[in-house]
Amino acid sequence: METLDYLLPQIWFGILALFLFLYVMLDGFDLGVGILSLTSSTEERRGILMTSLSNIWDANETWLVLMGGSLFGAFPLAYATILSALYIPIFIMVFGFIFRGVAFEFREQAKRKFLWNLCFATGSFLAALGQGFALGAVLAGIKVDQKGHFIGTTWDWLNIPSVLVALTLIQGYVLIGSTYLVWKTEGELQETHRKTAKLAAITTLIGAILITGVTPFIYETARIRLLSKPLVYIFALIPLIGIFLIWQLLKSLNQKAEKTPFIITILLFLLTFIGLALIVFPYIIPSKITIYQAAADPSSLVIMIIFIGALIPIMLFYNLYSYIVFRGKVTGDNYHG
């Protein structure tokens, strides 16, 4: 039984990490394209960007819903504490989702689309911003008492590190959105997003370097973990791999590759997630609450694994099927707005 008490929370930590990665990877380019729609010079171009998302974006967001439900069931203490501490960032994110969802549907029917275009881009930006603030605040640590209950203030999440994380995440979304559009579009529009991808790659790298440099100086727990053996060797390797991937990304963009930049960007996101997981584990709320303290009863975790184990293949198949059905380029011929 003691083995299950340790093994089950670790399994659920891995499942939640998988859900979060799938969400960021899939809905990340979705939000990135939404933000990039502001840069479109004509309504036809903006319509092509919208068409590239129209048949897949609803499925992308289901991973976030599944992650929230799983966090509530597997780690109820962490769920309650995180929602109490991050009420405003989560509200910003949800408001952004609602705003962009309504704007997307209304835009299709509107004769004058400018307002709804602006609302869609604004909603995408707000959703990404809220996620960045939430991630930064969690990584920074949430003030809790001995029982794990939130004891901080409403604005604890707003600090320089969380702002830095939020801005870097937005740049990351713009990067993956740009590489997605390089894959899905052609001609002058494709060339435009090759340029935005190069710019976003550089700004994302700068943000990642700043976060990597600032974190050990601000957070003692992270500093101790980063300098402990054998993790210190892994953490020394991750930035080198990241710089290599950025170099390969820029190289593939210069060589006019189409799918390769998107694949490399996914690898960059995966590398980032591995680094974050190594820093955070075994905490569900860094340096305050471990996965073992926050975990639900083992019997509940087992039942949830059975349910989620059956659901994950179905959702993965649905996502994959959607991308196969709607594969290929999106051109002006596909746009009927």
Item to check | the stretch 287-314 - residue that is of a type in the set (G, A, S) and free of Cβ contacts under 8 Å to residues at least 12 places away in the same chain and, of those, least open to solvent (accessible area, probe 1.4 Å) | outcome: G309
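So which residues in the stretch 147-159 are without any contact (Cβ under 8 Å) to a residue 24 or more places away in the chain and more than 13 Å from A78 (Cα to Cα)?
Looking only at the stretch 147-159, we keep the residues that are without any contact (Cβ under 8 Å) to a residue 24 or more places away in the chain, and these are 147, 151, 153, 159.
Correct list: I151, T153, N159.
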Item to check | Boolean, I266 is in contact (Cβ under 8 Å) with a residue 60 or more places away in the chain and either open to solvent by 30 Å² or more (accessible area, probe 1.4 Å) or under 20 Å from P161 (Cβ atoms) (or both) | outcome: yes
Checklist entry - Which one of the conditions (1) open to solvent by less than 30 Å² (accessible area, probe 1.4 Å); (2) within 20 Å of the chain's Cα centre (by Cα); (3) within 25 Å of W57 (Cα to Cα) does L135 fail to meet, given that it meets all the rest? => result (1)
Next on the checklist: Of the conditions (1) closer than 22 Å to A128 by Cβ; (2) in contact (Cβ under 8 Å) with a residue 24 or more places away in the chain, A78 satisfies every one except a single condition; which number is it?
Outcome noted: (1)
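Which one is modelled with the lowest pLDDT, of the residues in the stretch 276-286 that are under 23 Å from H149 (Cβ atoms) and open to solvent by less than 50 Å² (accessible area, probe 1.4 Å)?
Pass one, the stretch 276-286, residues under 23 Å from H149 (Cβ atoms): 280-286.
Still in the list and also open to solvent by less than 50 Å² (accessible area, probe 1.4 Å): 280, 282, 284-286.
Numbers: V280: 83, P282: 83, I284: 87, I285: 84, P286: 80.
Only one residue tops the list, namely P286.
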Checklist outcome for this item: Residue pairs qualifying under the 7 Å Cβ cut-off, at least six apart or on distinct chains, with the first in the stretch 315-337 being under 28 Å from A110 (Cβ atoms) and the second being at pLDDT 75 or above and in a loop (DSSP other than H, G, I, E, B), are K329/T185; K329/E186; V330/T185; T331/E186
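The values are calculated or read from the model by the stated rules, or taken from the named source; none is laboratory data. All values derive from a computational prediction rather than experimental measurement. Heads up, the Cβs are rebuilt from the backbone with ideal geometry, glycines too, and the neighbour counts pull from every protein chain shown. Heads up: the accessible areas ignore ligands, DNA and RNA and are worked out on the full protein's heavy atoms, side chains in. Shrake-Rupley method; radii C 1.70, N 1.55, O 1.52, S 1.80 Å.
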